[in-house]
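The values are calculated or read from the model by the stated rules, or taken from the named source; none is laboratory data. Computed from a predicted model, the values in this text were never measured in an experiment. Quick reminder, even Gly has a Cβ in these numbers, built from the backbone with ideal geometry, and neighbours come from all protein chains shown. Ligands, DNA and RNA are excluded from the accessible area calculation, which covers all protein heavy atoms including side chains. Shrake-Rupley method; radii C 1.70, N 1.55, O 1.52, S 1.80 Å.
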Amino acid sequence: MTVLRDYATALSQPTLTGAPARYDEVVAPDGSLRASWKGLAELAVQITPGDLSRLDAEIRRFLNNDGVTYARPGEDAGPWQLDPMPLVISAAEWEPLEVGLAQRAELLNAILIDLYGDQRLLREGILPPEVVFGHSGFARPMARAATRDQRPLVIAAADLGRNAEGEWTVLSDRAQAPSGIGYAIENRRVISQVLPELYREAGLHRVRPFLSAFRSALMASAEVEVADPRVVVLSPGTHSETSYDQANVAASLGFPLVRGSDLVVRQGRVFLREYAGTLEQVDVILRRVDASWSDPLELRADSQLGVPGLSEAVRRGTVRIVNGLGAGVLENPGLVPFLPAASEALLGESLRLPTVATWWCGEPDGLDHVLGNLDEVAVRAIDRPATDLSNDLTADLSSLSLDEVREQVRAHPHRYVGQERLALSQAPSWSAATGLEPRPLTLRTFTLRSGSTYRPMVGGLASTQGTSAGDLGAVSKDVWVLKASRDEADLDRAEVLTLAAVQARPAVVPRALDDLFWFGRYTERAEDTLRLLLAAHVLSEDYLTRPHSAGGQATTVMLDALARLTGIASTGDVDRHLRAILLDTNQPGAVAQSVTALRDCAQGVRDQLSLDIWKAFGSYDRASWELVRHEHSYQVSESAGRMLNATMAVHGVTANMMRDEGWRMIRIGGWLERGLQVTSLLRLVVGRRGLDTDRIVLNQTLLAADSSITHRRRYRGYVRPRTVLDLMLADPENPRSLTFALTELRRHLSTLKASTGATRPERLLDELLEECRQADPTTLVALDGETRPHLVKHLDQVNRQLVRLSDAIETQHFETGPRMRPLGLMESR
């Protein structure tokens with residue numbers, strides 16, 4: 001039996017749970033396939049549990065290689081979940097849904113214009129004032145502005161569910177900063193690769209054309225007289241739960257991903273702070289920061305995410321915000337009971353797409369219905385107050401008893417609604433533990449303003465197992481909308497803006513350069529630590545049982561150097577020590593911590609990096625998992641070797657970047673870190689311990705510095721401290737030497753716009769280069785007992801100078817002025 005046949009058979013069996021009947025997305029009540037699946041039946045019914053298990057593993061690998069993550073609020077980011085079974089919707093089913101979504105977006109746009117303009121709905125009593133003004137999404141600074149945006153809603157999302165009769169019903173609207181488009185694009189990319197035959201056979205609408213339409217809509221949002229508008233995507237940062245989604249959308253659209261600190265308002269206009277103090281005017285902002293956090297001057301004074309003065313720029317009409325500030329009021333469930341009347345008043349039409357039955361408790365009838373049916377309705381607060389909740393008001397009622405809920409609602413009835421509990425439709429979802437089983441499903445759709453009308457993305461983002469409607473942390477599904485005929489155009493999108501072939505200058509902001517600088521440093525740090533660990537592990541495997549031999553003493557030297565450089569002291573168990581260096585994410589010198597920090601830097605500039613970077617991180621992760629799974633000693637070198645290969649892959653990917661300031665900053669960070677690593681390593685290993693011990697230590701030091709072959713070819717295997725110092729400190733042709741690193745560092749530093757030849761970083765570097773040129777190798781190698789004091793002094797001085805140079809580079813090239821401080825009265829601590 002195949003999984004679909006087994007699934008259909010299981011559905012036909014009677015149940016004793018008493019659960020309400022659900023509409024199944026694949027199997028009809030008579031056991032046959034739904035119309036949407038019949039065209040795929042020949043291939044779909046052949047899928048076996050083994051096939052789905054293999055597909056599930058491939059999907060996880062693809063998503064891991066792409067670095068796709070999602071974080072529930074208050075939790076750390078985890079891997080994005082994608083089910084191998086798509087949600088398939090026929091053309092006949094989609095057509096009325098598309099019309100209803102377009103009408104709904106038009107209605108929400110009209111409501112937004114009215115609430116911040118003439119307020120006819122309030123004046124005529126169609127909307128209660130308590131519902132609107134009691135919601136924090138209503139941005140008062142935007143009300144009755146002199147310059148009113150007639151297109152405040154450019155992109156809208158709606159969370160849908162089917163009822164038991166199979167009718168689509170709106171569960172909630174998303175207008176503040178709709179998320180999920182980036183995930184939908186990634187879902188389609190992955191599923192099309194793991195199910196290529198089914199994907200080709202389906203004849204479905206592609207989602208990529210939606211991106212072209214989205215790009216056109218954003219550029220068309222600018223003032224008419226702007227020929228080449230500057231569009232940016234405003235993100236709250238890498239710690240946002242949907243940071244991947246934001247970065248993927250920005251990269252797919254080709255617009256820079258910025259944060260509030262990258263923007264500044266001057267004379268009522270918004271500018272992008274570019275490198276070297278340049279300001280470039282911004283015309284359109286795709287906002288992924290909630291409105292209340294967008295402007296600390298007029299909205300939340302404690303916000304560190306927004307742009308001071310943004311509200312004033314919007315009022316003056318010098319910048320367009322997508323979606324407009326204040327669009328969050330549309331997410332208010334208290335509006336739902338009044339949408340049909342609002343549609344009649346503003347559009348002169350009946351609302352086509354039904355919304356889940358909702359009763360506002362601010363009306364006597366609604367209050368009576370909700371309180372009389374508390375066991376049958378879901379009680380929701382229309383809004384969570386912007387400040388801390390008072391003792392007598394609770395926005396989250398899930399943990400309260402029915403009596404406590406009744407008390408809360410009676411105390412503040414205008415703040416609550418009751419909503420019907422729908423028996424949502426179900427769809428087959430794969431689990432390695434339970435196989436294919438039915439799970440409740442919701443669908444998020446996206447509707448875009450295109451010219452004078454609205455058009456939905458033909459597809460969307462489905463999810464199962466959600467704890468609430470639209471919970472992106474659930475297991476997602478790709479959404480396939482079938483074409484009515486094979487030759488039907490994707491999205492029927494004829495209104496995509498025709499753009500002139502004008503080369504846009506990429507935006508480079510100091511904050512991104514800072515991330516790229518540390519990206520280079522952490523990459524080099526991870527590589528050098530891994531090479532040293534591998535060199536030490538080779539010795540430990542050979543000499544650990546012979547601690548008093550020359551090799552045993554050399555092993556102690558290398559392990560001690562590794563412990564000092566990483567800050568992870570040895571516990572006497574070499575294997576455990578090396579595993580801690582590879583896996584401890586909390587220790588600043590550990591490989592795992594360097595990779596974690598490297599990944600954070602990459603997240604901050606994800607829109608500027610190749611997708612291949614994330615494949616390297618996937619290799620890191622798999623090597624770490626294997627090390628945790630296997631306790632054998634050889635796994636240390638095996639995993640460390642794979643991690644080193646991943647690091648070299650990162651170097652290879654960045655080598656193909658455009659030679660702009662960002663690439664140069666990666667190289668500057670890398671060369672500076674190499675200088676620090678070389679001097680720190682030599683400082684710890686070049687001493688006097690006995691001829692045989694020193695020879696082994698020097699050979700392993702060359703191995704750790706990837707210079708063994710070079711040394712062998714140049715000095716014919718004659719390993720002495722003088723030859724090692726010549727090669728690793730002074731050789732201008734060895735990429736692993738200090739002199740080479742400083743020379744490259746000077747070359748890249750001099751090409752930056754903010755470098756004049758007389759800046760502090762350049763002066764410090766020139767002094768350092770001169771000091772290294774004047775260092776006498778004979779003096780440096782001279783012994784005083786068992787140490788080389790001149791060498792130690794020289795290396796310490798170089799190391800301190802490199803640290804000062806790093807600080808000077810950050811001050812000269814990354815700082816944009818004093819950090820933003822909260823306004824308003826904050827409680828002192």
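Three semi-axes describe the equivalent ellipsoid of the chain; taken as square roots of 5 times the Cα gyration tensor eigenvalues and ordered largest first, they are 56, 33, 25 Å.
With the other protein chains left in place, how much accessible area per residue, in square angstrom, belongs to the stretch 189-248 at a 1.4 angstrom probe?
I get 37 Å² per residue for the stretch 189-248.
Of all DSSP-defined beta bridges confined to the chain, some 75% are antiparallel rather than parallel. Between N645 and Q774, what is the FRET efficiency for a Förster distance of 30 Å, r being their Cβ-Cβ separation, to the nearest 0.05? The value I calculate is 0.15. Shape summary: the stretch 85-193 maps onto an equivalent ellipsoid whose semi-axes, from the alpha-carbon gyration tensor, are 33, 18, 13 Å in decreasing order.
FRET efficiency for H412 and M658, Cβ-Cβ distance as r, R0 = 41 Å, nearest 0.05?
My answer for the efficiency is 0.15.
Using C-alpha pairs below 8 Å separated by at least 6 residues, the relative contact order for the stretch 84-213 is 17 percent.
Here the relative contact order of the chain, from alpha carbon pairs under 8 Å that lie six or more residues apart, stands at 15 percent.
By the gyration tensor of its Cα atoms, with a ≥ b ≥ c the square roots of the eigenvalues, what is the shape of the stretch 510-813: rounded for a/c under 1.5, prolate for a/b over b/c, or oblate? Here the stretch 510-813 falls in the oblate category. Remark on H135: its backbone amide H falls under 5 Å from none of the residues 5 or more positions apart or on other chains, H modelled at 1.01 Å from N. Ranking W37, W359, W663 from most to least accessible surface, computed with a 1.4 Å probe over the protein chains only, gives W359, W663, W37. Rounded to the nearest 10 degrees, the angle from helix 574-583 to the longest Cα principal axis of the chain is 40 degrees.
Over all distinct Cα-Cα pairs of the stretch 4-67, the Kirkwood formula returns a hydrodynamic radius of 14.1 Å. Sorting the segments 151-159, 576-584 by their residues' average number of neighbouring beta-carbon atoms within 10 angstrom, most packed first, yields 151-159, 576-584.
Can you tell me the order of 445-452, 399-406 when each peptide is scored by its average per-residue count of other Cβ atoms within 10 angstrom, highest first?
445-452, 399-406
The accessible-area ordering, largest first, of the residues D612, D66, D515 stands as D612, D515, D66, per a 1.4 angstrom probe.
With respect to the chain, whose longest principal axis is taken over its alpha-carbon atoms, helix 760-774 is tilted by about 30°. Contact order, relative form, for the stretch 510-813: 22 percent (alpha carbon pairs under 8 Å, 6 or more residues apart, mean separation divided by residue count).
Report summary: the helix-based calculation at 222 nm, which adds -39500 (n - 2.57) for every DSSP H run with n ≥ 4 and divides by the residues of the chain, gives -14000 deg cm²/dmol. Sorted largest first by accessible area at a 1.4 angstrom probe radius, with every protein chain in place, the residues H813, H548 fall in the order H548, H813.
Accessible area of R22 (1.4 Å probe, protein heavy atoms only, ligands and nucleic acids ignored): about 90 Å². At the residue level, K753 shows approximately 120 square angstrom of accessible surface with a 1.4 angstrom probe and all protein chains present. Here the stretch 582-596 is scanned for amide nitrogen atoms under 17 Å from the site 7 Å beyond the Cα of E541 along Cα-to-Cβ, giving 582.
Against the main long axis of the alpha-carbon atoms of the chain, helix 789-813 sits at an angle near 30°.
Counting only protein heavy atoms and using a 1.4 Å probe, the accessible area of F338 comes to about 20 Å². By the rule of a C-alpha distance below 18 Å, with chain neighbours fewer than 8 residues away ignored, the lysines paired with K483 are K38. Between R800 and S53, what's the calculated FRET efficiency when r is the beta-carbon distance and R0 is 51 Å? Round to 0.05. Efficiency for this residue pair is about 0.35.
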